[in-house]
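The values are calculated or read from the model by the stated rules, or taken from the named source; none is laboratory data. Since the structure is predicted, the reported quantities are computational estimates derived from the model, not experimental observations. As a convention, Cβ positions derive from the backbone with ideal geometry for all residues, glycine included, and neighbour counts pool all protein chains shown. To get the accessible areas, we keep the full protein, side chains included, count just its heavy atoms, and leave off ligands, DNA and RNA. Shrake-Rupley method; radii C 1.70, N 1.55, O 1.52, S 1.80 Å.
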Amino acid sequence: MSTELFATTTLTAHEHIGFELGWDHAHHGVLPPAPYMQEPSALRDGVLAGQATFGQRTLLPTRHVRKWLQLRLQAWLRGRSFETMQVTPHYLQQLDVTYCPITRQPLSSATLQASDASVDRVRNDAGYAAGNLAVMSTRANQAKAAYGFRDALGFVRQIETGRLGGIDGLNAAQWSRVAVLCSFVEPLDHAEASALPLLVLPPNRLRLMNPAQALQAYVSRQLLTPGWSKRTSRIEALLPGKPARRAFQTFFHALLPRVLEAGRTDDAQRARWAIEDAWRNPLVLRRWTAFARLLTPAQCEAVVARAAARRLGTLHVETLPQVRATEGWNLESRGYVPHAVLMQRQARPAARKPSFTPQVPPMQQPSLFH
């Protein structure tokens with residue numbers, strides 16, 4: 001009979017995440033930036049363990065894999081949480097856009113310029129998680145920083161009342177788009193959510209926390225593809241009661257001419273801008289607000305769900321239960337990783353990747369769409 005003793009190392013959540021990040025760098029044959037490989041750390045331990053295991057048998061480091069690793073490293077260095085089960089390289093690829101939704105300027109890649117595409121956590125008190133991410137320019141991302149919906153609204157008022165050219169490099173129209181973008185992921189009172197113009201269409205995979213805005217976006221997007229007249233009539237038929245249907249007709253007859261004024265175009269991006277710009281018209285917003293306030297949040301949600309079930313749109317729509325609404329967002333820690341002792345990892349074999357996955361307590365939040 002023989003006995004083999006193993007030393008154990010106490011790991012914090014931060015160290016565990018660093019080890020897994022280093023492991024994934026090695027798995028794709030990518031080294032972290034030099035400074036982080038020169039000092040002892042959990043990240044370096046993970047890289048060395050991964051290299052010992054994979055050797056030359058590495059995976060292809062595509063552009064989205066590199067972005068995935070870069071974002072995770074950035075989050076780890078700042079202590080921010082990063083949900084890796086859903087936020088994968090493929091998920092990041094689905095977020096790609098060619099124009100910044102805030103500045104409307106073309107996006108570049110890896111030029112170290114303000115036009116470079118960057119991934120933003122739309123809600124700053126949440127981590128890097130599915131439903132909370134959008135791509136925008138580095139310029140817009142840096143200006144937005146830690147600001148949210150009400151901050152951006154305040155900047156718009158300051159610019160307009162003070163006749164300023166802008167704040168932090170963004171003008172009033174651009175801060176208005178930041179405000180609307182942030183409002184999507186911040187639960188608002190139904191009356192307030194119903195009074196917001198759709199100055200930016202929701203980016204792909206963003207989760208909409210306010211049912212009124214989900215219906216607003218669903219209806220507006222009908223104008224992006226042929227056959228919108230028939231589809232909007234079918235959506236109208238799903239509304240509860242004649243007053244709501246009449247109010248919907250009145251709203252849509254205000255929105256449609258403003259979109260058509262921009263002219264017909266085969267350019268998908270310009271078609272999106274035409275819809276967004278139509279929402280700047282005060283009459284469109286007044287009629288939308290009057291219609292939306294005839295419905296309850298539950299009725300807005302039901303209309304979108306029923307319309308999606310009848311395939312009256314071109315996007316997949318999913319209604320999430322409350323316990324999954326902000327899964328992985330770590331709102332209880334404001335998007336940071338708690339520095340608590342998480343596990344005991346054996347010192348040998350060093351090449352074995354820890355299998356522990358932190359469990360995030362479910363949050364009670366409204367259902368949402370993406």
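With contacts taken as Cα pairs under 8 Å at a separation of at least 6 residues, region 119-206 carries a relative contact order of 31 percent.
A 1.4 Å probe run over the protein chains yields, for region 166-254, 33 Å² of accessible area per residue, whole-number rounding.
Protein heavy-atom surface of the chain, 1.4 angstrom probe: 53% of the accessible area is carbon and sulfur, with nucleic acids and ligands not counted. Relative contact order for the chain: 21 percent, from Cα pairs under 8 Å spaced at least 6 residues apart, divided by residue count.
For region 176-282, chymotrypsin sites (Phe, Trp or Tyr not before Pro) are listed when DSSP marks them as loop and at most 12 other Cβ atoms sit within 10 Å of their Cβ; the list is empty. Counting only protein heavy atoms and a 1.4 Å probe, region 66-135 has 41 square angstrom of accessible area per residue. The listed peptides 86-96, 104-114, ordered by packing as a protection proxy, come out as 86-96, 104-114 (highest mean of other Cβ atoms within 10 Å first).
Partners of Lys67 within straight-line reach, counting aspartates and glutamates whose Cα lies under 18 Å from its Cα and excluding those fewer than 8 residues away in the same chain: Glu20, Asp24, Glu83, Asp96, Asp116, Asp120. A Cβ-based charge dipole, computed about the Cα centre of the chain with Lys and Arg at +1 and Asp and Glu at -1, lands at about 1160 debye. Across region 86-204, the convex hull enclosing all Cα atoms gives 105 Å³ per residue.
Among the listed values (i) 84, 46, 37; (ii) 69, 51, 39; (iii) 74, 43, 38, the one matching Cα extents along the principal axes in Å as calculated from this structure is (i).
Against the chain, whose longest principal axis comes from its Cα atoms, helix 282-292 is set at around 80 degrees.
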